[in-house]
Amino acid sequence: MSFELPDWYILKDPGDITIEVDSWYSFAEKRLERFLSQDLWIINRPTWITEDEWFKTKVEEIGGHFLLRLAVSKDPRLASWLKEVEGDLFEFRFVSSSDFDEKINVLKDLYGEKNIKTINTLNQDFNFDFYERFHLADTPTKPSRYERSKFGTTVKDLDKRVAIRFHKISPIIAAKKALLYQGWAIVRLADIRLVVKREFEKQFISILEKSKEIIERITDLEETIKPIKDKITEIARSARVAGDFSRLGIEEGEAIFTKPESYPPCILELVRVLQSEGHLSHAENWQVGTFLKRAGMKINDQYKFWYENSVDNVGMTYEEFVQRIGYQIRHIYGIEGGGIDYSPPSCKTCINAYYCYWAHKKLEDIVEDIKIRFKDKSESIIDKAIDDISRLIINQRFQSACARFFTLYTGWNVRGRRINHMLNYSRQAYKKFFGKKSDDKSDDETSEEENINDEEIKA
Amino acid sequence: MMKKLKPETISKYYEDHFPLDRFTSLIDKTDFHNREFGFVVGEDRFVRNISFHKPKNMLDFMIKNSVKHAYVGAVYETPPSKDFPIQKIKWKYREFIFDIDIDEYDAYNEDGKYVGVRTCGCKGDVFCKDCWSLVQDAAVFIDKTMKEDFGFKEVIWFYSGRRGVHAWILDEITRNFDQPQRLAILDYLTFVHDKKRTQSIEEIPNEAKPLRNRIYALVAKSYLEKSFLPSLLNPVNPLLQCRNCNSKMKAYEILSETIGKEVKGMSFDKIESSLKQYQIKCPYCHGEDLENFSRKELEEELERLNEFGLTENKAKRILRRIKEIDNFDHNQYNILIPENTKLRKYFSSQILLYRYPRIDRKVTMDTRRVSRMPFSVHGKTGQIAIDITKNIRDFYPDSTPQVQDFF
């Protein structure tokens with residue numbers, strides 16, 4: 001390897017590190033703390049830490065990470081949790097690293113050295129200046145652009161461009177967000193941030209497989225790391241619940257599912273179909289079920305919800321229904337099946353594989369729905385919204401159509417002009433109509449709401 | 001109407017004229033025994049999950065069975081067979097193939113009315129030189145995009161034998177592409193969504209600059225030359241429509257037949273007066289009310305353009321100017337089309353709707369699909385799936401040899 005990887009990059013080969021078995025638990029615990037407190041997501045040595053202490057921190061980082069991997073490798077639910085938190089940590093560090101070469105080297109490691117080039121190298125290879133020929137400009141990163149995102153003002157160099165072989169970043173090619181030249185995709189780092197995170201998670205999963213092999217090979221190891229696994233289970237569960245509730249903007253115990261006014265159009269429509277026709281497809285059942293769960297509905301309430309609304313209950317007692325049809329509901333809650341604590345799919349997944357109101361309902365019916373739902377609003381506002389939404393649907397920009405509808409409904413704008421997840425829609429709608437007074441914004445069509453787009457819900 | 005193909009003619013073609021070496025040079029011979037083939041044999045019986053030990057065995061099968069259609073599929077870890085069909089064995093690779101069919105440009109509304117982009121009156125498998133230019137333009141556009149944007153070197157084009165053309169991308173990297181990778185390239189090339197129904201148009205992107213520039217250089221030029229107010233400057237062979245049965249027909253053909261001499265270059269007024277003079281009736285329902293459909297379309301389009309401030313004179317100026325420009329590009333487009341946001345938006349959607357390539361997505365995406373074998377006979381037309389790489393810009397199917405021509 002002809003390039004040096006930064007210490008914060010957890011897939012870097014650490015070399016030989018020895019940690020006494022007695023210290024394993026404390027190493028793992030420190031690593032877990034890092035996930036919970038973003039203050040500890042540092043990548044460079046702060047001035048108040050000595051070189052020795054910094055080295056110790058790095059050993060703790062690598063060792064702790066290795067132990068966490070061992071502990072979760074045989075439990076798919078915990079493995080999935082660790083993948084998500086490691087993915088978040090990686091993304092944060094990748095975005096915040098102030099060294100552009102570091103970013104390039106990480107990309108080289110993830111995608112293979114021959115598949116990554118800087119624009120300068122590309123200029124030399126092709127003997128012309130890409131910036132000049134294609135009238136490109138690297139606008140310097142504006143901190144204000146990201147200050148409301150989850151990264152705050154720590155973002156560095158995200159507007160700079162790199163060149164990646166096109167077949168390594170298929171979603172970006174499909175979205176036409178790359179300048180393609182002779183098989184090289186010239187892209188802004190900001191545009192590939194999520195694709196890079198997915199690649200990191202993919203490679204992380206294959207490393208987990210190796211941890212699993214170690215556990216299976218060394219017989220007493222599983223017993224030794226059991227306390228670590230128990231600790232992870234405890235933290236993962238509390239983080240998951242707290243995370244979901246905090247993302248929804250409600251206190252734990254409050255129930256967003258009781259307020260259909262805050263449901264996104266896809267769920268409202270599916271519930272309407274369920275209530276009128278008595279059944280949905282398997283995928284649609286799953287979409288509604290996972291949404292209601294994350295909106296705070298407990299499993300017993302969900303049994304009742306489906307028993308009351310679905311025709312599956314015909315000739316069946318409630319107990320029989322719970323026993324037979326309830327399997328799918330228990331699956332959603334991770335009680336049956338693979339034991340995974342599922343979240344509802346993202347908007348992109350809904351568009352392709354589940355139900356998206358904007359992608360799958362006929363445009364004429366959507367227009368009719370809007371006219372009926374907002375009959376009290378001024379005609380000119382409705383006409384303008386219908387015009388905008390129709391144009392976005394025709395251009396297949398369904399998530400933007402949803403955001404435009406959200407503005408019509410709440411009077412709040414969605415930054416980034418796109419809804420990415422049904423829970424984000426619900427959170428904001430809930431905040432608007434049922435949140436604390438201090439959170440309320442004026443009912444002004446031009447007001448700016450916080451960035452829904454950059455928040456992500458793990459699916 | 002083509003005479004029914006005799007089995008012995010087909011067998012003789014495969015025995016004496018099928019270029020086996022050229023075919024096998026397209027595919028990797030080392031894995032030949034693990035490749036799937038499919039054939040239409042006997043009375044239109046389609047068989048697949050067939051593999052052969054050597055190319056010669058394949059040719060013997062084709063000769064012996066006088067195969068009407070021959071298809072080539074993917075390569076698997078083990079030879080596909082009836083007992084080990086492709087669903088049960090592991091996929092290894094398949095060539096990366098594009099299929100452009102002329103009927104991909106057709107669309108019908110809920111009432112079954114034609115709302116496709118072919119303005120010549122052809123639909124389905126039927127085509128004329130006017131509408132075939134859509135296929136030619138699409139092939140040139142995709143060929144350039146594959147070479148310039150994706151850097152592929154070996155792009156070979158074949159006539160499909162009936163209603164379209166196929167591109168085989170032979171660069172080694174492509175054959176191992178999985179479905180998402182193939183789909184990504186397809187999506188990069190797709191601007192007309194749901195093309196058989198709503199035909200919704202995606203906006204031209206800013207970031208993908210070479211693609212954007214190519215759209216202006218090739219597709220916009222083609223639109224302005226061939227589809228933008230085609231009858232405004234010069235008389236064209238207009239379409240007539242029967243108000244009784246809605247059938248469409250070309251005016252020069254129907255007038256020539258009635259008058260008994262070749263008619264061309266007639267103005268709209270002259271055509272309409274001739275229709276009355278010779279009391280021409282609809283050949284389909286014998287109705288007497290034939291309307292000049294092309295004139296109606298022209299007037300409607302001029303009215304629409306007028307709303308954006310584009311007068312008839314300005315439109316004529318655009319049409320005259322476009323003929324003079326050899327190397328049309330984005331900058332010239334900007335000079336030529338008046339700076340009006342609504343007009344430009346309208347133009348870009350029309351350009352993509354009427355002239356942008358439409359690809360049969362399933363052929364490219366499906367990694368287990370079988371595709372027509374290059375150089376084989378098309379059982380319905382008797383034409384050979386010939387290599388047209390050197391003249392994709394000018395290739396028209398009537399120049400294709402038929403299997404009978406060899407004897």
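Of note:
- Eigenvalues of the alpha-carbon gyration tensor of region B:247-297, scaled by 5 and square-rooted, set the equivalent ellipsoid semi-axes at 15, 14, 10 angstrom, largest first.
- Most mobile of B:Ala107, B:Ala208, B:Ala70 in a GNM of chain B (Cα contacts under 10 Å): B:Ala208
- Spatially, region B:304-365 and region B:1-57 are offset by 45 Å when compared through their Cα centroids.
- Ratio Rg/Rh, restricted to chain B and using Cα atoms, in which Rh is the Kirkwood radius: 1.01
- Association of chains B and A removes close to 2200 square angstrom of accessible area from solvent, both sides included, for a probe radius of 1.4 Å.
- The charge dipole of chain B, taken about its Cα centre with unit charges on the Cβ atoms of Lys, Arg (+1), Asp and Glu (-1) only, comes to about 380 debye.
- The angle between the Cα long axis of helix B:7-16 and the longest principal axis of the Cα atoms of chain B comes to about 70 degrees, rounded to the nearest 10.
- Computed from Cα atoms, the angle from the helix B:312-324 axis to the main principal axis of chain B rounds to 40 degrees.
- FRET efficiency, A:Ser26 to B:Asn306 (Cβ-Cβ, R0 60 Å, nearest 0.05): 0.15
- Dipole of the protein assembly as shown, positive end: most advanced residue of B:Val47, B:Ile185, A:Met316 [Cβ charges, Cα centre]: B:Val47
- Computed per residue of chain B from DSSP H runs no shorter than four, each worth -39500 (n - 2.57), the mean residue ellipticity at 222 nm is -10000 deg cm²/dmol.
- Per-residue shielding of B:146-152, expressed as the average number of other chain Cβ atoms within 10 Å of the residue Cβ, stands at 5.
- Rounded to the nearest Hz, the phi-derived 3J(HN,Hα) couplings of region B:187-194 under the Karplus curve 6.51 cos²θ - 1.76 cosθ + 1.60 (θ = phi - 60°) are 5, 4, 8, 9, 10, 9, 9, 6, where x marks glycine and proline.
- Comparing the full protein assembly with the isolated chain, the residues of region A:382-405 losing at least 10 square angstrom of accessible surface (1.4 Å probe) are A:Arg391, A:Ile394, A:Asn395, A:Gln396, A:Arg397.
- Segments A:362-374, B:345-357 sorted - mean Cβ within 10 Å per residue, highest first: B:345-357, A:362-374
- Euclidean distance between Cα centres, region B:212-289 to region A:45-79, Å: 77 Å
- Percentage relative contact order, chain B, counting C-alpha pairs under 8 Å, at least six apart: 23 percent
- Taking only the C-alpha atoms of region B:338-407, Rg followed by Dmax gives 18.9, 61 Å.
- Heavy-atom accessible surface of the protein assembly as shown, averaged per residue, reaches 48 Å², computed with a 1.4 Å probe.
- Tilt relative to chain B, helix B:341-355 - C-alpha long axis, 0 to 90 degrees, to 10: 50 degrees
- Between B:Gln241, B:Gln332, B:Gln87, the Gaussian network model of chain B with springs among Cα atoms under 10 angstrom shows the greatest mean-square fluctuation at B:Gln87.
- Assigned charges on the beta-carbon of Lys, Arg, Asp, Glu; the protein assembly as shown dipole about Cα centre (debye): 2300 debye
- Accessible surface of the protein assembly as shown [probe 1.4 Å, protein heavy atoms]: carbon and sulfur percent: 48 percent
- Global geometry of region B:1-87, whether rounded, prolate or oblate, following the gyration tensor of its Cα atoms and the 1.5 cut on a/c: oblate
- Reference-scaled alpha-carbon Rg (2.2 N^0.38 Å with N residues) for the protein assembly as shown: 1.11
- Once the convex hull of all Cα atoms in region B:166-263 is built, its volume per residue stands at 216 Å³.
- Structural size metrics of region A:317-392, computed from C-alpha coordinates, are Rg and Dmax of 19.3, 53 Å.
- Restricting the calculation to Cα atoms, region B:1-42 yields a radius of gyration followed by a Dmax of 13.7, 42 Å.
- Cysteines in chain B that, by Cβ-Cβ distance, have no pairing candidate under 4.7 Å: B:Cys120, B:Cys122, B:Cys128, B:Cys131
- Exceeding the 18 Å Cα-Cα cut-off - candidates A:Lys103/A:Lys348; A:Lys74/A:Lys231; A:Lys197/A:Lys226; B:Lys195/B:Lys323; A:Lys74/A:Lys229; B:Lys12/B:Lys68: A:Lys103/A:Lys348; A:Lys197/A:Lys226; B:Lys195/B:Lys323
The values are calculated or read from the model by the stated rules, or taken from the named source; none is laboratory data. These figures come from a predicted structure and were not determined experimentally. Ideal geometry is used to build each Cβ from the backbone, glycine not excepted, and the neighbour counts take in all protein chains shown. Side chains are part of the model used for accessible areas, which takes the heavy atoms of the whole protein and leaves out ligands, DNA and RNA. Shrake-Rupley method; radii C 1.70, N 1.55, O 1.52, S 1.80 Å.
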